[in-house]
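Just so you know, all these numbers are worked out from the coordinates, no wet-lab data involved. Remember, predicted model here, so these are calculated numbers, not experimental data. Positions of Cβ are generated from backbone atoms using ideal geometry, with glycine treated the same way; all protein chains shown enter the neighbour counts.
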Amino acid sequence: MSRYLFDNTDARTPDRFSVLESCYDPFSRRQLQLTGLAPGWRCLEVGGGGGSLGDWLAQQVGPGGEVTITDLDPRWAQSRPHPPQVRLLRHDIVNDPLPGEGYDLIHARLVLLHLPERLDVLDRLVAALRPGGRLVLDEFDCTWTPILAAPDEESASLFQDLHSALLTQLEKAGADVRWGVRTHAAMTKAGLHEVTSMTYGESWAGGGKGISLHRVNMQQAREGLLADGVTEAQLTRFYALLDDPAFVVNSYPLISTRGRA
């Protein structure tokens, strides 16, 4: 099983899912609609997390369709009710066989970014599409998080330094922190046609919903951060900064890329 810095078994995992669903689900839904999503489609939602997008897909495909939601730890999705056309599956996309083939639509959000084997996984996903089927990958460029406002220069430097330290932890775990900007070329090379990308971003102010993603990420990466020299005092100041409305940072840009088999 591939290493994943943000362990899905961690008790704080629902906090991450809540932020991602609140901030990014509307954009992801729009990109999925642009595939021509229709009743009766067979869909695969890879790394479905809390299951929000899988449930939405089920509403679109109707009772005649099928949606399979996979995750390393599906218990978070199991905690909510789902339409009967939804199947939940514990699944490791790197090591386990895919749960089917001939899909009309396959979607993954913030999955391949974390996988050293991302290109092999991409090839497998493409192979699992029916002719004309669509693949949609939503991925971050983690390096582009400009500070839009800060109470002082010291606060801005603190955020930049600790965020850089977090990216180092991600890279040590095998993530490609710029995968979002590489996805388009990778999908084209994998043989998909009509490849196109759209990017979404917004401002995250201190004390708001979106910026709390930085708190959860830092908390889960704490052990590695401290081992690499980040101090408890710096973390305490960082968390306080995330609660300060005078601090505003751009969200992670979510780059959605879709292509046709």
Check your understanding: Which angle between 0 and 90 degrees, to the nearest 10, do you get for helix 153-172 versus the longest principal axis of the chain when only C-alpha atoms count?
Key -> 40
Check your understanding: Assuming R0 = 30 Å, what is the FRET efficiency of D96 and D228, from their Cβ-Cβ distance, to the nearest 0.05?
Key -> 0.40
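With a cap of 16 neighbouring Cβ atoms within 10 Å, and only residues DSSP puts in a loop, list the trypsin sites (Lys or Arg not before Pro) found in the stretch 1-108. All intermediate terms of the calculation are to be shown ahead of the outcome.
Values: sites: R3, R12, R16, R29, R30, R42, R75, R87, R90; in loops: R3, R12.
Sparse-neighbourhood loop trypsin sites (Lys or Arg not before Pro): R3, R12.
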**Study point:** Loop sites in the stretch 147-204: GluC sites (Glu not before Pro), DSSP, at most 15 other Cβ within 10 Å
**Key:** E202
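Compute the normalised compactness of the chain: alpha-carbon radius of gyration over 2.2 N^0.38 Å, N being the residue count.
Values: Rg = 18.5 Å, N = 261, 2.2 N^0.38 = 18.2 Å.
That works out to 1.01 for the chain.
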Review point. When only Cα pairs under 8 Å and 6 or more residues apart are kept, what is the percent relative contact order across the stretch 36-157?
Key: 23
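Where does the charge balance sit around T143 when Lys and Arg score +1, Asp and Glu -1, over other residues with C-beta under 15 Å from its C-beta?
Numbers: positive: R178, R182; negative: E139, D141, D161, E171, D176.
Its environment carries a net charge of -3.
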Revision key, fill the gap. Under a Gaussian network model of the chain whose springs join Cα atoms within less than 10 Å, the largest fluctuation of D243, D228, D138 belongs to D228
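Using Cα pairs under 8 angstrom and six or more residues apart, how large is the relative contact order of the stretch 102-172, in percent? Write out the running numbers ahead of the final one.
Numbers: 53 pairs, mean separation 25.3, N = 71.
Computed over the stretch 102-172, the figure is 36 percent.
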Check your understanding: Gap in Å between the Cα centre of the stretch 185-261 and the Cα centre of the stretch 41-57?
Key -> 22
Revision key, fill the gap. Place a point 7 Å from the Cα of A149 in the direction of its beta carbon; the residues of the stretch 206-224 whose amide N falls under 14 Å from it are 206-208
Practice item. Using amide H atoms built 1.01 Å from N in the peptide plane, name the residues 5+ places from D141, or on other chains, whose amide H lies under 5 Å from its own. Key: G180, I255
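Could you calculate the contour length gain from E117 to E194, that is, 0.36 nm times the residue separation minus the distance between their Cα atoms, to one decimal place in nm?
On the way: separation 77, 0.36 × 77 = 27.72 nm, distance 2.43 nm.
Value of the extension gain: 25.3 nm.
Local charge sum around L20 (other residues, Cβ-Cβ under 12 Å, Lys/Arg +1, Asp/Glu -1)?
Details: positive: R16, R109, K209; negative: D15, E21, D25, D138.
So the environment of L20 carries a net charge of -1.
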Review point. For the stretch 143-187, rounded, prolate or oblate, judged on the Cα gyration tensor with a ≥ b ≥ c (square roots of eigenvalues), a/c < 1.5 rounded, else prolate if a/b > b/c?
Key: oblate
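So for the chain, averaging the separation of alpha carbon pairs under 8 Å that are six or more residues apart and normalising by length, what relative contact order in percent results? Present the calculation step by step, with values, prior to reporting the outcome.
On the way: 481 pairs, mean separation 59.7, N = 261.
It comes to 23 percent, rounded to a whole number.
Using only DSSP helix segments of four residues or longer, with each worth -39500 (n - 2.57), what per-residue ellipticity at 222 nm results for the chain after dividing by its residue count and rounding to 500?
Numbers: 9 runs with 102 residues, N = 261.
Helix-only estimate at 222 nm: -12000 deg cm²/dmol.
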Check your understanding: In debye, nearest 20: dipole of the chain around its Cα centre with unit charges on the Cβ of K, R (+) and D, E (-)?
Key -> 840
Study note, to complete from the structure: Of the candidates T236, Y200, W56, the farthest towards the positive dipole end of the stretch 13-260 (Lys/Arg Cβ +1, Asp/Glu Cβ -1, centred on the Cα centre) is W56
